[in-house]
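Report on the structure given below.
Where a number appears in this text, it was derived from the coordinates with a stated rule and is not lab data. What you see is a predicted model, and the numbers here were worked out from it, not measured in a lab. As a convention, Cβ positions derive from the backbone with ideal geometry for all residues, glycine included, and neighbour counts pool all protein chains shown.
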């Protein structure tokens with residue numbers, strides 16, 4: 001775009017106004033800058049400017065040893081930290097041919113599903129906030145705190161867990177943990193109905209979301225949109241069901257799919273996913289096997305010496321925001337030769353710029369909120 | 001053309017582009033083909049017609065010891081539930097490749113990222129510029145010979161444009 005990106009100044013092109021939204025705008029959920037060209041309230045052109053949170057993770061991976069990148073990559077998406085850890089750990093394990101014991105698989109899956117719930121709760125809160133529903137924000141964060149407390153008990157950290165290890169997990173479940181997760185599940189199930197009631201019956205909320213920002217299935221596939229955003233557009237695909245990993249093969253759960261592709265569909269799919277995740281956690285707790293939590297020989301700091309995979313491949317898991325992929329190249333040394341983090345948010349941002357065109361400025365905020373971007377995940 | 005199952009599509013592609021395939025094998029459970037550069041675009045188009053509608057990942061790896069970059073395309077077919085990995089090499093001194101942004105829109109951002117961090121030029125990309133780093137940045141950080149001792153500092157110019165300097169006092 002050939003306009004001066006100065007705030008509020010009129011550009012040369014007719015009556016169009018150039019406006020910068022972000023990088024510190026509250027509704028951009030992080031440091032996203034959108035260069036907008038407005039015709040009154042209608043958005044004519046959008047150019048996202050990203051990279052403010054680029055921390056060079058892919059280069060950092062090459063500088064350290066394999067286990068060191070676990071605690072770095074979970075900072076990529078700081079809202080769902082288990083997901084990136086899981087993707088990376090799985091990529092290395094597959095290259096090494098290492099199989100974690102069943103109990104570790106179950107604990108990992110419990111972590112991933114609780115992580116999905118807390119990530120969706122944070123999204124629910126901020127999405128409500130974007131649309132003026134301040135109560136969603138308080139409630140979403142209140143219930144999320146419940147889960148963060150459980151994570152702290154399990155891993156020692158509320159947010160950046162550094163809990164998964166090659167061949168298993170760091171620590172076993174503390175005493176009484178399963179009971180506390182159970183009661184959190186009961187609590188969450190009740191609360192989700194409550195959220196649905198006060199959002200899905202609000203006229204304001206429905207007017208702001210129904211029919212707004214429609215993403216068609218064809219567009220979603222073409223632009224590489226994955227996860228709940230793609231499922232809200234009618235793409236019936238979930239890696240947990242279609243390419244199961246960890247303890248997912250034995251679980252029974254439904255994959256919510258909507259065909260409308262609007263902001264409301266994305267809301268409804270995520271809300272249903274919280275319910276399904278609660279269901280999965282219950283099953284996992286019931287069937288949790290006894291046994292070791294890490295593959296033999298991989299305890300403590302052994303991974304620093306043992307993790308020297310050779311070869312390359314692409315692994316992906318279903319993160320709360322979509323397909324998290326790791327392209328890993330190992331050359332038999334203790335450091336990765338190349339790690340590529342395939343971020344779902346990066347692809348979503350690309351298609352959002354396309355969706356914004358021709359929309360009202362206020363709807364841009366709704367669409368942006370409904371896609372659940374985390375800028376750390378975009379910029380890596 | 002009708003969509004066919006994953007392994008049939010692979011056979012079909014191998015037959016049609018037999019002369020352009022330099023290597024075929026598998027990366028763990030995913031079949032891969034390494035092609036000549038000139039076959040990349042027609043093969044991608046054919047692959048999309050055969051059902052590989054999801055460009056999951058596009059990335060580049062630097063091999064200075066061999067003097068080339070390897071660019072890897074991870075494709076997936078939702079209909080056939082099948083993977084296909086394409087690899088293509090380009091020389092380090094002239095890293096030029098045809099853009100596949102016309103085939104999958106997902107490549108628009110992914111190619112910009114590969115250009116930004118690895119310095120591969122995708123010919124035919126509608127808007128090939130840096131995406132994560134400021135435009136005047138020197139060098140491509142994911143190259144193995146990138147000089148990390150040389151720090152760069154960013155500031156804003158009078159028009160709001162990014163400025164990059166090696167002088168610590170002129171940026172942050």
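Note on region A:256-379: the C-alpha convex hull projects to 11.1 nm² when averaged across all orientations.
Inter-label distance, residue B:144 to residue A:39: 5.2 nm, where each label sits 7 Å from its Cα along the C-beta direction.
Looking at chain B only, what percent of DSSP beta bridges run antiparallel? Nearest 5 please.
Looking only at bridges with both residues in chain B, the antiparallel portion is about 80 percent.
Of the peptides A:361-372, B:96-107, the ranking by mean beta-carbon count within 10 Å, highest at the top, reads A:361-372, B:96-107. Using just its DSSP H runs of length 4 or more, each adding -39500 (n - 2.57), the protein assembly as shown gives a mean residue ellipticity at 222 nm of -12000 deg cm²/dmol after division by all residues. Shielding value for A:226-235 is 1, the average number of Cβ atoms from other chains within 10 Å of each residue's Cβ.
Taking packing as the residue-averaged number of other Cβ atoms within 10 angstrom, the listed peptides A:274-286, A:142-154, A:176-188 run from highest to lowest as A:274-286, A:142-154, A:176-188. Convex hull of alpha carbon positions in the protein assembly as shown: directionally averaged projected area 25.5 nm².
Using 0.36 nm per residue and subtracting the Cα-Cα separation, the extra length available between residue A:193 and residue A:59 on full extension is 43.8 nm. Does anything in region B:121-143 have its amide N under 15 Å from the 7 Å Cα→Cβ label point of residue B:49, and if so which residues? Label zone hits: none. In units of 2.2 N^0.38 Å, what is the alpha-carbon radius of gyration of chain B? Compared with the compact-globule rule of thumb, chain B sits at 1.19. Each DSSP beta bridge with both residues in the protein assembly as shown is either parallel or antiparallel, and the antiparallel ones are about 90%. Annotation for residue A:52 and residue A:362: the two label points, set 7 Å from Cα along the Cα-Cβ direction, are 2.5 nm apart. Translational diffusion of region B:17-117 was estimated from the Stokes-Einstein equation, with Rh taken as the Kirkwood radius over Cα pairs; at 4 °C and 1.567 mPa s the coefficient is 94 µm²/s.
Shielding value for B:52-63 is 6, the average number of Cβ atoms from other chains within 10 Å of each residue's Cβ. By the count of neighbouring beta-carbon atoms within 10 Å, fewest first, A:231, A:266 end up ordered A:231, A:266.
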